[in-house]
Amino acid sequence: MPKPHILQETPDFSLVLGGPLYQLYLRSHMAQPPLGLVHRRILAITLIAWLPLLLLSALGGNLLGGDVKVDFLHDLDAHIRFLIALPVLIAAELIVHQRVRLVVRQFVDGGIVVPEEMPKFHAAIDFALRLRNSVALEVALVVLVYTFGHWTWQEGTALQTATWFAGPELTLAGYWYAYVSIPIFQFILLRWYLRLFNWFWFLWRVSRLNLRITATHPDRAGGLGFLRDSTPAFAPLLLAQGVLLAGLIANRIFFGDQTLLDFQVEAGVLVGFFIVFILGPLCVFTPHLARAKRQGAREYSAFAGRYVQGFEEKWIRGGTDEQPLGTGDIQSLADLGNSYEVVRKMRVVPFGLDDVIALVVATVAPLLPLALTMMPLADLVGHLVKIVL
């Protein structure tokens, strides 16, 4: 006889093993299941995006010098985008696959999802996998890249001056840049945004279930502390975003007569947005955690009150002849106090301040070299030492 659905094995969850591009990786031997040969994918995609720009710029006389303000070799944004940010985004797939699938498994292994809710939990996984594998969504991303994405790059991020890729009109290298390289990068980046939305939607559906949250769990997050293991997996995405932002700002500092201070508001807003983008999905469990904390505080307070009253009646006012040395009552009183302290310090979000700091560092670190445009290296090191010490 088939097993009841609630006892069926939980499907293996992965945010990245699916979709037309992944199938193309497999068929072109750029991936071995599940995500082997990551170095081959990085090399192939990077060369497609960057190498023709080098060759066509040399052919057009804009590789170094020429009749343009920004030649190819001095365009920091292009090199940082395709030689650093793009490989990081590709390599991040393996990290996210390995970590997130284990995090999802913990909902079952840790007993968070009660047996009666397993069918709904499986349904949430199935929906996430269908969304991940959607051909229509990836086709829509391609259309978005060649419409709104192209306009955004042309009007918002591209340098508005004579460069190796455009003067009055696009150069031959510029056509490859605008219609091959930039769309490749934007597609891979938007594909990550789609995955993060899928992750948020999955967690939101799970948060609607009846979950077993334990206020005295030692992780101080009701048993959901394992969710914080997903944040390091997404740190490479924030690193890539920081690298991309640093490249854009660097070009405007060196070729647009602007300073780093001109971008402090934009940089702060974007860094804050990226942090919320990663940690925000975990906050869908805050109502569960807050409710468990309130209930745990009430229950343990009442239980502690009864125990303390009995303890005082026996040991303080009762005049018992029993010797307190070695008795389990005192140890139980101490254990009860520790349990109550765990409930009192329980967090209402399944992550800590150290997780926030780690993500901020990952995002901001690529911007630090730009501080050298404001002060000498020795002064910068001195200021950092004073901050740390």
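The values are calculated or read from the model by the stated rules, or taken from the named source; none is laboratory data. All values derive from a computational prediction rather than experimental measurement. Here the Cβ is made from the backbone with ideal geometry for all residues, glycine too, and neighbour counts use every protein chain on show. Side chains are part of the model used for accessible areas, which takes the heavy atoms of the whole protein and leaves out ligands, DNA and RNA. Shrake-Rupley method; radii C 1.70, N 1.55, O 1.52, S 1.80 Å.
Helix content alone sets the calculated 222 nm mean residue ellipticity of the chain: runs of n ≥ 4 DSSP H residues at -39500 (n - 2.57) each, divided across all residues, give -19000 deg cm²/dmol.
Contact order for the chain, expressed relative to its length and based on alpha carbon pairs under 8 Å spaced 6+ residues apart, stands at 22 percent.
Here W204 and V108 are evaluated by their C-beta separation; at R0 = 22 Å the FRET efficiency comes out at 0.75.
Between D229 and L59, the simple label model (points 7 Å from Cα in the Cβ direction) yields a spacing of 5.1 nm. A full extension of the chain between A44 and E155 corresponds to an added length of 37.1 nm, given 0.36 nm per residue minus the alpha carbon distance. In the range 174-214, whose amide N lies under 11 Å from the spot 7 Å out along Cα-to-Cβ of L144? List them in ranges. It comes to 187-198, nothing else.
Its Cα centre serving as origin, the range 1-113 has a Cβ charge dipole (Lys and Arg +1, Asp and Glu -1) of approximately 360 debye. The listed peptides 91-99, 42-50, ordered by packing as a protection proxy, come out as 91-99, 42-50 (highest mean of other Cβ atoms within 10 Å first).
The residues of the range 243-295 expose, per residue, 47 Å² of accessible area to a 1.4 Å probe. Once the Cα-Cα distance is subtracted from the 0.36 nm per residue extended length, the Q23 to D126 segment shows a gain of 35.2 nm. Full extension of the segment from V360 to L261, taken as 0.36 nm per residue of separation minus the current Cα-Cα distance, would add 33.8 nm. Plainly put, the range 1-144 has a radius of gyration that is 1.16 times its Kirkwood radius, both from alpha-carbon atoms, as the Rg/Rh ratio. Membrane-span-like helices in the chain (whole DSSP H runs, Cα extent of at least 27 Å along the helix axis, mean Kyte-Doolittle hydropathy of at least -1.0): 38-60, 86-109, 182-207, 230-255, 286-311. A viscosity of 0.692 mPa s and a temperature of 37 °C, combined with the Kirkwood radius over C-alpha pairs in the Stokes-Einstein formula, give the range 167-308 a diffusion coefficient of 171 µm²/s. Given that just one value was derived from the coordinates, which of (i) 64, 52, 39; (ii) 58, 54, 36; (iii) 100, 67, 31 is Cα extents along the principal axes in Å? Among (i) 64, 52, 39; (ii) 58, 54, 36; (iii) 100, 67, 31, the one derived from this structure is (iii).
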